Amino acid sequence: MVADRRASACNGPGGGRDARRHGPLVPCRRPETLRPVPCSDRHRDRRDSPGGRLPRLPARRLRLHSRPRADAHRLRRGCRDRSGPGRGRAAGARRSGRADRMSRPLVTAGPAIASLEQRSDSLLILDIDEVVLEFIAPFGALLEEHGARLHPESFKLTGNVRSISTGTALTGHELDQLTVRLYEEQETRQRPVAGVSDTLRQLARRTDILFLTAMTPSYYDVRRALLDREGLAYPMIATERSKGAVVAELRQRWRGTSIFVDDLPPNLASVRKSAPDTHLLHLMANDVFRQHLPALPTGARAATNWQEASGIIDEILGAAV
């Protein structure tokens, strides 16, 4: 999320090595910055230049704007806003390239907040992967099908998914491809977390319920069909935005008790920052990464299954009466 700048030196006409990699450099909006020339413009620039060569530019003016690619795959490193184990599900499948995402508006799929039906003053907001639907288990099964295995030695995927035959760690690109595969086939691979259906059916009598997922919005229809088939027909928003920002908007309509449930501490922290009066509950259905779990935000509660989560949610709702 933090943009950096990488300086590049001029090694001759057109910018040397950086020009070969990115294309010739020409002045951008600000005179001190430069951008790569689109391929279609390169030959025209050469035709218009004396001798067919691009003019030499002062080395001090050769700068490229770049954004850190590492942030596009925080899942695999286990340190994203929507990060941690399984969030190749968020990193690879949701973002095909960080630079592309930075150049366009963040995508959201699902009903507009203003159009959501409101029957209660309280709102229960639920992440989906590892809270409502299993993710780690089906992802592990998919890895086995492709000759790899998950070794949960830290709270991330990178370096912890290795080839069964060679022991070599899968690359980030390979993890991204498998994550996309899981999302494409989620209707046949992902199942509801134990106890979630009955628990939500009971809680729906006391509070409104909304699903908020960082899943790639393009898979919205597939997931909507899966949830409906499993009797989990509560409204869902899939977004690339910060969950904290979305919850803050929801709080403009639901002024009573709000509870946010997620499996990733950074998402809980995001909501704490943007909607500080929202109750936070950590729930991760699969326990393989639990021993490596980062610290939860101050005041956040934790449950290991939906039976425990139900008791905590009932307690919070009861205290607000």
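The values are calculated or read from the model by the stated rules, or taken from the named source; none is laboratory data. Keep in mind the model is a prediction, meaning the values are calculated, not measured. Don't worry about glycine lacking a Cβ; one is built from the backbone with ideal geometry, like all the others, and counts go over all protein chains shown.
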What do you reckon, is Thr278 farther than 30 Å from Glu153 by Cα, in contact with a Lys or Arg (Cβ under 8 Å, 6 or more places away or on another chain) and of a type in the set (Val, Ile, Thr)?
yes
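Results for (1) outside any helix (DSSP H, G or I); (2) at pLDDT 95 or above; (3) in contact with a helix residue (DSSP H, G or I) (Cβ under 6 Å, 6 or more places away or on another chain), shown as yes or no for each residue.
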residue: Tyr219; (1), (2), (3): no, yes, yes
residue: Val246; (1), (2), (3): no, yes, no
residue: Gly256; (1), (2), (3): yes, yes, no
residue: Leu268; (1), (2), (3): no, yes, no
residue: Asp277; (1), (2), (3): yes, yes, no
residue: Ala285; (1), (2), (3): yes, yes, no
residue: Thr298; (1), (2), (3): yes, yes, no
residue: Gly318; (1), (2), (3): no, no, no
If a residue has to be out of contact with any Ser or Thr (no Cβ under 6 Å at 6 or more places or on another chain), more than 16 Å from Gln186 (Cβ to Cβ) and part of a loop (DSSP other than H, G, I, E, B) to count, how many in region 221-240 make the cut?
4
Condition first: surrounded by fewer than 19 Cβ atoms within 10 Å (Cβ to Cβ) and not polar (S, T, N, Q). Now tell me which residues in region 105-133 satisfy that.
Pro105, Leu106, Val107, Pro111, Ala112, Ile113, Ala114, Leu116, Glu117, Arg119, Asp121
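Within region 215-231, restricting attention to residues that are of a type in the set (A, V, I, L, M) and touching a strand residue (DSSP E or B) at 6+ places or on another chain (Cβ under 7 Å), which residue is surrounded by the most Cβ atoms within 10 Å (Cβ to Cβ)? Spell out how you get there, then give the answer.
Of all residues in region 215-231, those of a type in the set (A, V, I, L, M) come to 215, 222, 225-227.
If we keep only those that are touching a strand residue (DSSP E or B) at 6+ places or on another chain (Cβ under 7 Å) too, we end up with 215, 227.
On the way: Met215: 28, Leu227: 19.
Selected residue: Met215.
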When every residue in region 260-295 that is within 16 Å of the chain's Cα centre (by Cα) and of a type in the set (S, T, N, Q) is compared, the one surrounded by the most Cβ atoms within 10 Å (Cβ to Cβ) is Asn267
